[in-house]
Each structure stands twice: as C-alpha cells, then as structure tokens.
Ligand code: 5CA
Ligand code: ZN
C-alpha cells in the first residue's frame, strides 16, 4: 500500500487508568517510527490518536482508589505525555478524548438507529431510568463483518467477553453485537443523548467517530496492538461502513505484537507491569528504553527482561562512543541502509544493526589509523538517528 501525498494514520490510544507500560510504549514507538518513515519518504502525515477517557476500567479504578474518574484520567494522561516525550515520540496532530467526541457519537448512533442498523435493548431489572435502553449495533445488517481480522466465529467468541464484550446480555440479536450507547446508570457519568436518552458511548464507536471526524472514511493506516484486532478494530470498521456507506474504513491495519513479562501479556488489568515512568524515575536513560523497544520487530511478540535494558544501554554507549570522534566512516551507505530497513516492513532491528556496524568501525578506525575518515560523518549519522529512528544521543 502506498499512501498519497498525505498519509492519514489513526492509532488507538490509552485508557488512562494506570501508568504507561512497556507494551504501550512499544505500540507508540512503532507508530512513531512509521510516521518518521512516511515523512522521510515525502508524505505529509496526519496522525490522530484517541484517549479513552471514560470507560468501565477507568471508572472501576477511580472508585477503588477513591478519586474522581476525571482526576485519575487527567493524571495518567499527563504522565503518558511525559513518558512519550521522554521516549522521543512525536505527538499526534489531533489527540482526542472520548468525552469530547460524545456529540459525534450521539449523531452517529441516532443515524444508525433510524437506518435500522442499530436497536434498543431494555435495561436489566432495577438498572437505569424507567424506559431507558442501551443501544447495540446490528451486525446482521452489515456486509464484510470479519474483513479486518479474517477470524471465524469461534475465534471471535473465544475472546469477545474478555475484551470488553457482553455476549450473555439478554435481548441482543447476536451475541457479538457491539454496544453503541450505554444508558445512564446510578453513579456513572452520562451525557445528553437526545432521542437516545442520557448515557455514554460504547468503546468501538468512540474510535469510529473520532477517526471519521478527523481523517474521513478510507484513511491509510489503522494501528494499535494485536489485542485490538478483534473486536475493537473489526467493530470500529464495520460501524464506519454502516455510517458512511463506504468501504474500507482503513486501507491498511498495522498491529504491534504483544510485549509480555514472565510469559504473560503485560496488562494493566493483570498488574504485571514494567512502567516507563518508574524506570525514568530510577535514572534509566529514556533513549536506552527506546533502543530496547526498537531491538524487536513490531510483528514479533517478546518478553521484557532486565537483559533487554542492559543490552540497550550497552548499545547506547557504543553508539555514543562511535559518534564522538572527529570524523568517522562515510555515513551515506549507513543512512541508506537504515532507510532500506525501515521501508522493509519497519525492520527496526535491521536498522539498529546497520548503526552498530558503523559505530564499531568508527571506534576501530579512531583507535588505529584515522586516515580516510570523513569529517562530518558522525554529525550526519547522528542527525539521521534523530530523524529516522527518534534516537537522540
Ligand atoms: N483505549 C484502548 C484503545 S481505543 C486501549 O486499548 N487502551 S490500552 O491502554 O489498553 O492500550 C493502549 C495501546 O497499547 C493499544 O493500542 C493496545 O493495543 C496497546 N497495548 C496494550 N498492551 C500491550 C502490550 N502488552 N504489548 C503491546 N501493545 C499493547
Ligand atoms: Zn481504539
């Protein structure tokens, strides 16, 4: 897939109820790398990211910790932004909260209801206001369900509940139908929904409408971790097709493989976390963290270990030493190789190996006969590392 002069990218953002961990960072560094490669190839990049600043896990954590959900979200969003800045991640052009997207969701769900692509489900006994209803998307009204994930129904059913779905909810037409609008419940935040009634958006419709509002239908890249392939990206896409009558939602889907710890997916809900902010607090150079992430190809799952960081720190020192000479081996072939690796399905490990080779040669030559070294080469390599890999030395 080759984008036009403008490359439009939407990457699913955090749910801000806990601090940024190595898995999140891997995802945002991967898309930062993609943005850099697209810009280097001459595209203008329009990058949109959401933040799920109202959702069940955020409300539950706020209640557990005795803080308001707004205060918790605000604090975690601020920390996330600091972490991203420290890691050299270029900020998105539009960073949009679910809360600010509510009016757009209300309009979209209202339209889906009147088009017969959505339906109301009565609330369970004793929940919500009299006559209120939740609203679900009618999957049977859609074409192309499954086109994003290419999963079969058994695969879908196997993960739907653990990934925020509610297959057992009475009154749904299909167990997989996703929630579009949740009617207000006692103690939960809600917004005016016009004919939908008071409530709040379901998860997938948040990303559908933010992407449509800021990028339009058929943008270039939809990104996130592999844990979002189904249901999140599948449902976001099918809803967008129903809203606009167009297809596809995104031309390409790019998913970062899961980063784990001790054999399990690193996740806020499981609490097996390596936090970026904690490492920074303990004095770890954020560029070493970035190098530890770039040492793995985005499609390959891996586990974080102390060794990952130790290797990255060693590499960082070696690169710094290689760049510190007066002159160095010619930069051109190395920079060309970095570009070539990135163009080859974002082969970050390959790009790092090219820099390793240059830095090693630079140190060897500096220690021996300095004849033939190019003045300016370290500066060129240093600037290429900054621009292409986001590594500032
Ligand atoms: N707010 C939603 C997306 S709309 C969400 O999934 N939030 S999150 O905080 O759980 O995850 C933020 C991003 O990090 C998502 O793109 C998710 O796919 C990715 N992610 C989460 N855990 C990992 C992990 N262990 N490894 C790699 N990426 C991960
Ligand atoms: Zn999303």
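Yes/no matrix, rows are residues, columns are (1) away from ligand 1 (no atom under 11 Å from the Cβ); (2) assigned to a helix (DSSP H, G or I):
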{"position": "2", "(1), (2)": "yes, no"}
{"position": "7", "(1), (2)": "yes, no"}
{"position": "13", "(1), (2)": "no, no"}
{"position": "18", "(1), (2)": "no, no"}
{"position": "27", "(1), (2)": "no, yes"}
{"position": "33", "(1), (2)": "yes, yes"}
{"position": "36", "(1), (2)": "yes, yes"}
{"position": "47", "(1), (2)": "yes, no"}
{"position": "60", "(1), (2)": "yes, yes"}
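Does at least one position in region 238-247 carry a residue that is within 13 Å of ligand 2 (Cβ to nearest atom), at pLDDT 95 or above and out of contact with any strand residue (DSSP E or B) (no Cβ under 7 Å at 6 or more places or on another chain)? Reasoning before the result, please.
Restricting attention to region 238-247, the residues satisfying the condition of being within 13 Å of ligand 2 (Cβ to nearest atom) are 239-240.
Those still in the list that are at pLDDT 95 or above too: 239-240.
The next check asks that each one be out of contact with any strand residue (DSSP E or B) (no Cβ under 7 Å at 6 or more places or on another chain); those that pass are 240.
Yes, some residue in region 238-247 is within 13 Å of ligand 2 (Cβ to nearest atom), at pLDDT 95 or above and out of contact with any strand residue (DSSP E or B) (no Cβ under 7 Å at 6 or more places or on another chain).
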With 163, 169, 200, 185 as the choices, which residue is outside any strand (DSSP E or B) and touching a strand residue (DSSP E or B) at 6+ places or on another chain (Cβ under 8 Å)?
-> 169
Region 218-233, residues that are part of a helix (DSSP H, G or I) and within 9 Å of ligand 2 (Cβ to nearest atom) = 228, 232, 233
Hits in region 97-140 (condition: assigned to a loop (DSSP other than H, G, I, E, B), without any contact (Cβ under 8 Å) to a residue 24 or more places away in the chain and at negative phi) = 100, 125, 130
Set 45, 106: member being closer than 26 Å to residue 383 by Cβ, surrounded by 15 or more Cβ atoms within 10 Å (Cβ to Cβ) and away from ligand 2 (no atom under 16 Å from the Cβ) = 45
Subset of region 118-138 (residues that are within 18 Å of residue 233 (Cα to Cα) and either surrounded by fewer than 18 Cβ atoms within 10 Å (Cβ to Cβ) or touching a helix residue (DSSP H, G or I) at 6+ places or on another chain (Cβ under 7 Å) (or both)) | 137
Answer yes or no as to whether residue 195 is outside any loop (DSSP other than H, G, I, E, B), at pLDDT 95 or above and within 16 Å of ligand 2 (Cβ to nearest atom).
-> no
Within region 140-173, which residues are crowded, with 16+ Cβ neighbours inside 10 Å and out of contact with any helix residue (DSSP H, G or I) (no Cβ under 9 Å at 6 or more places or on another chain)?
-> 172
Which numbered condition trips up residue 387, out of (1) over 25 Å from residue 89 (Cβ atoms); (2) touching a helix residue (DSSP H, G or I) at 6+ places or on another chain (Cβ under 9 Å)?
-> (1)
With the checklist (1) over 17 Å from residue 50 (Cα atoms); (2) surrounded by fewer than 20 Cβ atoms within 10 Å (Cβ to Cβ) in hand, flag the one item residue 229 doesn't pass.
-> (1)
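Table: residues versus (1) touching a residue at least 60 places away in the same chain (Cβ under 8 Å); (2) over 17 Å from residue 56 (Cβ atoms); (3) within 16 Å of ligand 2 (Cβ to nearest atom).
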{"site": "163", "(1), (2), (3)": "yes, no, yes"}
{"site": "178", "(1), (2), (3)": "yes, no, yes"}
{"site": "191", "(1), (2), (3)": "yes, no, no"}
{"site": "203", "(1), (2), (3)": "yes, no, yes"}
{"site": "208", "(1), (2), (3)": "yes, yes, yes"}
Output yes when any residue across region 329-341 is surrounded by 20 or more Cβ atoms within 10 Å (Cβ to Cβ), more than 30 Å from residue 376 (Cβ to Cβ) and touching a residue at least 12 places away in the same chain (Cβ under 8 Å), and no when none is.
-> no
Do any residues in region 1-30 that are farther than 27 Å from residue 43 by Cβ and at pLDDT 95 or above have Cβ atoms under 7 Å from those of residues that are within 16 Å of ligand 2 (Cβ to nearest atom) and in a strand (DSSP E or B), where the two are at least six apart or on different chains, and which pairs are they?
-> 16/51; 23/225
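The values are calculated or read from the model by the stated rules, or taken from the named source; none is laboratory data. Please read all numbers here as calculations on a predicted model, not as lab measurements. Note that each Cβ is placed from the backbone with ideal geometry, even for glycine, and that neighbours are counted across all protein chains shown.
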